[in-house]
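One structure below.
The values are calculated or read from the model by the stated rules, or taken from the named source; none is laboratory data. The shown structure was predicted, so the numbers you read here are calculated from the model rather than taken from an experiment. A quick note on method: Cβ atoms are made from the backbone with ideal geometry, for glycine too, and the neighbour counts reach across all protein chains shown. Heads up: the accessible areas ignore ligands, DNA and RNA and are worked out on the full protein's heavy atoms, side chains in. Shrake-Rupley method; radii C 1.70, N 1.55, O 1.52, S 1.80 Å.
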Protein chains: 2
Amino acid sequence: MAKKKNQQPVVKANNQTVELPVPKGKLLAIGGKESKSGEEQTEVQRLSKDFISEEILKRFVKELRGENPMVAVLPTASGEPDESAQSYVKEFKNLGINDVQVLDIRERADAMKEENCEIIKKAAGIMITGGDQLKLTAILGGTSFLETIKERYTFNDFIIAGTSAGAAALSTPMIYEGETNKGMLKGDVRITTGLEFLKNVAIDTHFIQRGRIIRMAQCIATNPGCIGIGLEEDTAVLVTEGRHVEVIGTGLVTVVDGMKITRNSIYEIETGEPFSLCGITVHLMAAEETYVLPVFNQLHA
Amino acid sequence: MAKKKNQQPVVKANNQTVELPVPKGKLLAIGGKESKSGEEQTEVQRLSKDFISEEILKRFVKELRGENPMVAVLPTASGEPDESAQSYVKEFKNLGINDVQVLDIRERADAMKEENCEIIKKAAGIMITGGDQLKLTAILGGTSFLETIKERYTFNDFIIAGTSAGAAALSTPMIYEGETNKGMLKGDVRITTGLEFLKNVAIDTHFIQRGRIIRMAQCIATNPGCIGIGLEEDTAVLVTEGRHVEVIGTGLVTVVDGMKITRNSIYEIETGEPFSLCGITVHLMAAEETYVLPVFNQLHA
């Protein structure tokens, strides 16, 4: 899709117009199972003519700014945080990053510690691992640690990467449960607010592999002002200036747009009944395709 | 969706206008695993507030015309045709049909036998079982048996039901392979012509359960003049007058419409590369929703 001219977002209140800051940072949201060195290839990686080993993490490294950039790894979402963190420490060292620091945040008290904020202030980027996205929002929501990351993202050329749960938590609304029934029945998808680096955008992961378009459609049905971004495994979006989206990796990104829906039964039916939603617009995008989010990331607005 | 006024389809050739016959018969395309008596419930059947045991097969019986209607069962697609046929004989007898006749067609020679055509001439409806849709087209294509079914469908109130492979074979194009990679890579979906009771309609089954929307999108990308109908398990569409579609059953029907696509890379990329397709319109429809196919079933045109 053609890249539209960027416009400064404005908020109008009390007859005043306030310009919102365009974030200087970047987001790299990954659909899970991104290629790492020494890992066995998935079927699609093996069959795809365009597969590049470690393509997404190489791009993360390429986007780091400064000499000898330091990368912070946040394994809070993981059930095995030490192992999860070490796999990224090893991978980034393979990719030429000498300084990789692990943020050992397992509960809210850890997210209040100054030492962890200091790591973020010195880092060129952060990698948020997979696991359970609810741990990320429940442990980080409202902490000084999260505020520090938001400041870096807003005012500096700082990159935030998240894979699987780490990607799902970046935006809001955040889907955190709903594998049963594939989300066909009303109430079968659990949604809460995410970490809000993007607003009015729902990011879901393992999207094609786990057949998650129906649960995304139910999320969009509850508020068609949101855009759904479904990330397949080993596939990512790089978001710049809060809204310019570029696809990277082996698979497809699925954009689900409900703004032109013509029929929506979600408010007419009871919990446990199947919902209808007609007129959804869907874009399937392979690597190098671009997309502009219609709703601007309104950080701090 | 609102039911549009039916228009007689016309073909223009040599400055003449030919009216095509509106089929008097009905099609009942089922996404597989339709509820039968004495079978264990699936998760969605157990959780859905609207689940009705044997709802789809009861509707088939209700649509049969005549006194003491005879039902023919065609198990040609199945790897175990005797067992497959007997499960439907038992089910229809439970539902009050005393006369159920099995069409023992295992190769093309069987589809030329007059006795099988005679069964179709006397039947009020036919049930085509699941299995491999390629067996249905390869064994029945171009036979007098298929011609007899088409005549009944065109000129009589005759109902043709097909489940899984039996549903996929009803229309054309017919997807017959492509579970690998979920269809993200060009060439990963195998398509041929189906039995053509509907034209320019691709029917795929087990659609949500097996996450098949990407393979359908690739089929539509190769010719956006086709409409994709994705049937979930225990979910069906009843098609009357060749184009009026009504949803029946527990799950959702997914309609994939590529007529407004804005970007399609399928002809620019090589086999084995991921494709992009933007601007797809998708409708998710629960039971009782209706839809009108934009392209008429042009039987014998």
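Give the residue, chosen from A:Ser78, A:Ser35, that is under 23 Å from B:Met184 (Cα atoms), in contact with a helix residue (DSSP H, G or I) (Cβ under 9 Å, 6 or more places away or on another chain) and not β-branched (Val, Ile, Thr).
Values: A:Ser78 fails: under 23 Å from B:Met184 (Cα atoms).
The match here is A:Ser35.
For region A:80-165, give me every one of the helices (runs of 4 or more DSSP H) that falls completely inside it and has 2 or more residues that are under 25 Å from A:Val245 (Cα atoms).
Working: elements: A:81-94, A:114-122, A:133-140, A:144-155.
Output list reads A:81-94, A:133-140, A:144-155.
Here is a yes/no grid of residues against (1) among the aromatic types (Phe, Trp, Tyr); (2) out of contact with any Gly (no Cβ under 7 Å at 6 or more places or on another chain); (3) at positive phi:
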{"site": "B:Asn223", "(1), (2), (3)": "no, yes, no"}
{"site": "B:Leu231", "(1), (2), (3)": "no, no, no"}
{"site": "B:Leu238", "(1), (2), (3)": "no, yes, no"}
{"site": "B:Glu241", "(1), (2), (3)": "no, yes, yes"}
{"site": "B:Val247", "(1), (2), (3)": "no, yes, no"}
{"site": "B:Tyr267", "(1), (2), (3)": "yes, yes, no"}
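Could you tell me which residue of region B:269-296 is modelled with the lowest pLDDT, considering only residues that are in contact with a Lys or Arg (Cβ under 6 Å, 6 or more places away or on another chain) and more than 7 Å from chain A (Cβ to nearest Cβ)? Checked region B:269-296; the qualifying residue modelled with the lowest pLDDT is B:Phe296. Residue count for region A:54-69 satisfying the condition of being assigned to a loop (DSSP other than H, G, I, E, B) and in contact (Cβ under 8 Å) with a residue 24 or more places away in the chain: 7.
Evaluating A:Ile139 against the criteria (1) of a type in the set (Val, Ile, Thr); (2) open to solvent by 10 Å² or more (accessible area, probe 1.4 Å); (3) closer than 23 Å to A:Lys24 by Cβ leaves one unmet condition, (3). Residue count for region B:118-134 satisfying the condition of being buried (at least 20 other Cβ atoms within 10 Å of the Cβ) and either in contact with a Pro (Cβ under 7 Å, 6 or more places away or on another chain) or not aliphatic (A, V, I, L, M) (or both): 6.
Just one of the numbered conditions (1) without any contact (Cβ under 8 Å) to a residue 60 or more places away in the chain; (2) closer than 15 Å to A:Ala161 by Cα; (3) over 16 Å from the mean Cα position of the chain (by Cα) is not true of A:Glu43: (2).
The set of residues in region A:160-183 that are surrounded by fewer than 24 Cβ atoms within 10 Å (Cβ to Cβ) and of a type in the set (Ser, Thr, Tyr) comprises A:Thr172, A:Tyr176, A:Thr180.
One residue stands out among those in region A:34-55 that are facing chain B (nearest Cβ under 9 Å) and among the aliphatic types (A, V, I, L, M): the one that is surrounded by the fewest Cβ atoms within 10 Å (Cβ to Cβ), which is A:Leu47.
Out of everything in region A:222-258 that is of a type in the set (Asp, Glu) and assigned to a loop (DSSP other than H, G, I, E, B), what residue ends up being most open to solvent (accessible area, probe 1.4 Å)?
The initial filter retains those residues of region A:222-258 that are of a type in the set (Asp, Glu), namely A:232-234, A:241, A:246, A:257.
Imposing the further condition that a residue be assigned to a loop (DSSP other than H, G, I, E, B) reduces the set to A:232-234, A:241.
Numbers: A:Glu232: 4, A:Glu233: 24, A:Asp234: 8, A:Glu241: 78 Å².
If we take residues in region A:222-258 being of a type in the set (Asp, Glu) and assigned to a loop (DSSP other than H, G, I, E, B), then A:Glu241 is most open to solvent (accessible area, probe 1.4 Å).
With respect to the conditions (1) open to solvent by 20 Å² or more (accessible area, probe 1.4 Å); (2) in a helix (DSSP H, G or I), A:Gly187 falls short on a single one, namely (2). For A:Ile266, state whether it is at pLDDT 95 or above, within 14 Å of A:Arg215 (Cα to Cα) and touching a Phe, Trp or Tyr at 6+ places or on another chain (Cβ under 8 Å). Yes; evaluated as a whole, the condition is true for this residue.
Answer yes if at least one residue in region A:143-159 is of a type in the set (Phe, Trp, Tyr) and either within 16 Å of A:Gly228 (Cβ to Cβ) or open to solvent by 10 Å² or more (accessible area, probe 1.4 Å) (or both), and no otherwise.
Of region A:143-159, the ones of a type in the set (Phe, Trp, Tyr) are A:145, A:153, A:155, A:158.
With the extra rule that they be either within 16 Å of A:Gly228 (Cβ to Cβ) or open to solvent by 10 Å² or more (accessible area, probe 1.4 Å) (or both), the set shrinks to A:155.
Yes; the residues of region A:143-159 include at least one that is of a type in the set (Phe, Trp, Tyr) and either within 16 Å of A:Gly228 (Cβ to Cβ) or open to solvent by 10 Å² or more (accessible area, probe 1.4 Å) (or both).
Of all residues in region A:111-124, those that are in contact with an Asp or Glu (Cβ under 7 Å, 6 or more places away or on another chain) and either touching a residue at least 40 places away in the same chain (Cβ under 8 Å) or closer than 21 Å to A:Ala168 by Cβ (or both) total 0.
Return yes when B:Lys199 is closer than 22 Å to B:Pro294 by Cβ, touching a residue at least 12 places away in the same chain (Cβ under 8 Å) and among the charged types (D, E, K, R) and no when it is not. Working first, answer last.
Working: closer than 22 Å to B:Pro294 by Cβ: yes; touching a residue at least 12 places away in the same chain (Cβ under 8 Å): yes; among the charged types (D, E, K, R): yes.
Yes, satisfied.
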